[in-house]
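What follows is a short report on a single structure.
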Amino acid sequence: MSYVWILLISGFLGWLAGWIAVKMLFNRFRKKKRELAEKLGKLVSRELFSFQEIEQKVTDPANFRKIMPYIEEHIDEFLRVRLVEQMPMIGMFIGDKTIIEMKKVFTGELETLFPVIMKNYMETLKADLNMETIIMEKIAGPSSVGLERILYPALKKELRFVQILGAILGFAIGLVQIFIFCMQ
């Protein structure tokens, strides 16, 4: 019966050691949170989140062509309804043929202008958004997402495994102790 207690206590102590190791690991994260947040901010802003890649996607003419039907619909509605409401005299001089020609001119101009506008917008956005600082503040801030809240759910199985492994190792140490005790 005393051997069973040795195994149970050894297993429990091994589990407890694993549990303490996990708690100490996250305590270490809390102490180094600012440093880790800075490194993660740099990593994400330089390696994972590239304004150049986003700019290429945004200024891609193929993407503009995807939204072209919405733009043409808006221009058509503007020329047929709103412009006439604002300037009723124009309604007397603009017919379907003129509207179709004006839409062609406007959409052609927009095709030229859109990539330039979006490129300028992305440059302004890049200057205004310091992704490194934003990510760092989100992780390191007191009421922010927090590194622990990100890591713990993602590593839950692995951390539980550390605790279970600790229990198994404690149990194995208990077996070794019993074996040594019996050999004497």
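Annotation for the stretch 1-101: trypsin sites (Lys or Arg not before Pro) lying in DSSP loop with at most 16 further Cβ atoms inside 10 Å of their Cβ are LYS32.
A dipole drawn for the chain from +1 and -1 charges on Cβ atoms has a positive end, and of LEU40, ILE100, ILE67 the residue lying farthest that way is LEU40. Taking 12 Å as the cut-off, the amide N atoms of the stretch 107-135 that come nearer than this to a point 7 Å along the Cα-to-beta-carbon line of ILE67 belong to 111, 114-119, 121-122. Only aspartates and glutamates eight or more places from LYS66 in sequence, or on another chain, were considered; those with a Cα closer than 15 Å are GLU111.
Add -39500 (n - 2.57) for each DSSP H run of 4 or more in the chain, then divide by its residues: what number comes out at 222 nm, to the nearest 500 deg cm²/dmol?
Helix-only estimate at 222 nm: -28000 deg cm²/dmol.
Stokes-Einstein diffusion of the chain at 20 °C, 1.002 mPa s viscosity, Kirkwood radius from Cα pairs, rounded to a whole number: 93 µm²/s. A Förster distance of 35 Å, applied to the separation of the beta-carbon atoms of TRP5 and GLU35, puts the FRET efficiency at 0.20. Straight-line reach only, C-alpha to C-alpha below 19 angstrom: list the lysines that LYS32 could link to, leaving out same-chain residues fewer than 8 apart. Partners found: LYS23, LYS42, LYS138. For the chain, the longest principal axis of the alpha carbon atoms and the long axis of helix 61-77 meet at an angle near 50°. The charge dipole of the chain, taken about its Cα centre with unit charges on the Cβ atoms of Lys, Arg (+1), Asp and Glu (-1) only, comes to about 1280 debye.
A short reminder: the numbers here are calculations on the coordinates, not readings from a lab. Please read these numbers as outputs of a predicted model, since none were measured by experiment. Every residue, glycine among them, receives a Cβ derived from its backbone with ideal geometry; neighbour counts consider all protein chains shown.
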